[in-house]
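Comments concern the structure below.
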Number of protein chains: 2
Amino acid sequence: MKKPITIHDIAKIAGVSSATVSRVLSNSTYPVSAAMKEKIQRIAKDSNYIPNLLGKQLKTNSSMTIGVIIPSISNPFYSSVILGIEGIARQHNFHVIVCNSLHDAALEEEYLKTIVENQVKGLIISSISTDKRLLKQMVDTGMKVIAIDQKVEGEGIRQIEFDYRKGGYLATRHLQGKGHKRIAYVTSQMDRPSRRSIYRGYLKATEEAGLEPVMVESAEEDVYNSAYEFDIGKKLTSQLLSSNDPPSAIFACNDVMAFGVINELTERGIQVPQDISVIGFDGIEYGQMIQPPLTTVKQPDYEMGKMACNMLMDMLKGGDGPVFDIMLQPKLLERSSVTNAKELL
Amino acid sequence: MKKPITIHDIAKIAGVSSATVSRVLSNSTYPVSAAMKEKIQRIAKDSNYIPNLLGKQLKTNSSMTIGVIIPSISNPFYSSVILGIEGIARQHNFHVIVCNSLHDAALEEEYLKTIVENQVKGLIISSISTDKRLLKQMVDTGMKVIAIDQKVEGEGIRQIEFDYRKGGYLATRHLQGKGHKRIAYVTSQMDRPSRRSIYRGYLKATEEAGLEPVMVESAEEDVYNSAYEFDIGKKLTSQLLSSNDPPSAIFACNDVMAFGVINELTERGIQVPQDISVIGFDGIEYGQMIQPPLTTVKQPDYEMGKMACNMLMDMLKGGDGPVFDIMLQPKLLERSSVTNAKELL
DNA sequence: TTGTAGGCGTTATCAC
DNA sequence: GTGATAACGCCTACAA
């Protein structure tokens, strides 16, 4: 448990000043004689020298860390996003602090503070809080921020959004294209913009087709746990079925909820898609593993993470390239949980 | 983008020395007059003071960060572990750097180095590398290490293991208890101790019952992607079915692979569990969402994360309590993918 | 109760 | 090419 070796120790061994050692070991462009350079590098290697990044960061007021705040890593959508972020970060020798806000605004704020205290200069966030003051204050003091998934209005905050509204529209149109007239939309609490957008897309398609919207929303607080979403899907489905005019197709606001819908239907002996069609939203990998494989709207999660991190790296490097936001487009993943409406069969 | 305010700035405003400010703002036990204390706190608040943890850490050679290295966050087992870790860490005002080794030993080593460079003093790791030299060297220089899931032999490294062997034994015995005689074990590459242990448990139960083991192992390299594991499950199943003596029950080395097994069987018109029973391993939440709900062996993932982090916090605080390793016990989660063998029906 | 001064490990600015 | 030296923001003997 001996004290770790520093550039001063190496300087002493090499018989030079620590300045020279620093110049060699930090790959500075400063001129150092080839012989000296080699000697120092050898000593560093032999003595298992490990630089203390704290010293460097304190001095240079920079950091090779970025922060990521997302609702929960247990959601496969976000874990894909993170994998995308981490891959790009690593290429730039950055590492990532992941924070799960667990859908708790207070926790999100706590994490924001931690990130600032640790001198992190870049942040990618899917914010669930409605109070963006702290975030904006951070931007004012130099923090580079990319908002993904959930839009954050504000000067200096770049957006990588997903076109939820169009996704909702697309899914509904797909169902309509299969002849469905009575299409229900089941959703967890619409407390976040993304969910409201999907609903707006659904409404638009429904209105355009001159159909009547059927929406059931969970009254329960969101806890971001997949088993929980699954249960909501089941509950909302049984609620839907107890009406005297049940739908021929159900559109769920995310894939896990769609799993719940399918599960409930199957347990009641209602066949999917022969009796009722089901469409999800997100495009997580598990969708292809269930029976029937889930038709859904795919969000490019992994790519979103990569884009966000690339954009952040540019900002951190002070790139003066063009400034732009990104609106990712939805894609329909047609599998087997949707079929033609009975009238057409 | 003005320079952030420091304790010196506050000292100047308050008309005291920075030492006094430090004593107040770091909640030191050092005596400071109540009036002064309050004044300093007010100034700090009014000026939105945010401490620079780098300075503190550099001075005290401590850090409020722990590192976590796991194969991949896209595996729900590990994302649960991380959620458990993060919860405890937060209680102690620690934060977490998550690193996905993606089943790549070189990457794991790279992350280990980064962690040391950043003066992180505590690490929780599910190591996939066979070369533990760097890890041990880190322990020698003071790093506190908890190995979870995958055992790491070595002085000073605490273990929180899962009894994979017993889990494998339990699953096999459960199948036997339902009258199954020809039980196949399908597994991805047995390159990690955990998988070999499950297999040993399977073998033990098989031998004890005087039955013949049937094992198919994937020849393909592991890529830690759930879609991939799913495909392996499908492939190995079709391989199994092409033999002239197919099994009446299939035991998969993890739940996602079991999904693949069930999917392949279902696609071929073989009913689960009526024709062939299937049992998984891990107990991820998605297991209850498929049809039929998957019978499996549950690993206490979230709890494992909590225990690991609690243990690490104790070590970091220099606790001199008893030193111990933990062996978590498996639990059978009986759902609907296993039924009695045909002979018994 | 408060202040002074030195140092944590590194880099940057001057000199030489 | 190389070396002193002064920061970076904070904590902590020690002194007052």
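For the reader, a short list of remarks on this structure follows.
- Single match in B:I232, B:I262, B:I250 (criterion: aliphatic (A, V, I, L, M), crowded, with 21+ Cβ neighbours inside 10 Å, under 30 Å from the mean Cα position of the chain (by Cα) and not in a helix (DSSP H, G or I)): B:I250
- Region B:265-286, subset of a type in the set (S, T, N, Q) and outside any loop (DSSP other than H, G, I, E, B), residue modelled with the highest pLDDT: B:S277
- Residues in region A:230-282 that are of a type in the set (D, E) and either farther than 11 Å from A:V186 by Cβ or not assigned by TED's automatic domain parsing to the domain that holds A:V216 (or both): A:D231, A:D245, A:D255, A:E267, A:D275, A:D282.
- Filter pass, B:I128 being among the hydrophobic types (A, V, I, L, M, F, W, C) and either at the interface with another protein chain (Cβ under 8 Å from one of its Cβ atoms) or more than 26 Å from B:D191 (Cα to Cα) (or both): no
- Residue list for region B:162-216, filter: small (G, A, S) and assigned to a helix (DSSP H, G or I): B:G167, B:G168, B:A171, B:G177, B:S194, B:S197, B:G201, B:A205
- Checking each residue in region A:118-154 for being in a loop (DSSP other than H, G, I, E, B) and touching a Lys or Arg at 6+ places or on another chain (Cβ under 8 Å) picks out A:K121, A:I128, A:T141, A:G142, A:M143, A:Q150, A:V152, A:E153, A:G154.
- Lone qualifier among A:N52, A:N27 - being within 16 Å of DNA strand C (Cβ to nearest atom) and at positive phi: A:N27
- Any helices (runs of 4 or more DSSP H) falling wholly within region B:1-117 and containing at least 1 residues that are of a type in the set (D, E, K, R), within 12 Å of chain A (Cβ to nearest Cβ) and within 25 Å of A:S63 (Cβ to Cβ): B:53-60, B:76-91, B:105-117
- Taking the conditions (1) in a strand (DSSP E or B); (2) exposed (fewer than 15 other Cβ atoms within 10 Å of the Cβ); (3) within 14 Å of chain B (Cβ to nearest Cβ) in turn, A:M327 satisfies each one other than (3).
- Within region A:239-272, tally of residues that are touching a helix residue (DSSP H, G or I) at 6+ places or on another chain (Cβ under 6 Å) and of a type in the set (G, A, S): 3
- Taken as a whole, region A:97-106 holds at least one residue that is touching a residue at least 60 places away in the same chain (Cβ under 8 Å) and at positive phi.
- Residues that are under 30 Å from A:A227 (Cα atoms) and of a type outside the set (S, T, Y), drawn from region A:56-76: A:G67, A:V68, A:I69, A:I70, A:P71, A:I73, A:N75, A:P76
The values are calculated or read from the model by the stated rules, or taken from the named source; none is laboratory data. The structure displayed is predicted, hence computed values, not measured ones. Note: ideal-geometry Cβ built from the backbone for every residue, glycine included; neighbour counts use all protein chains shown.
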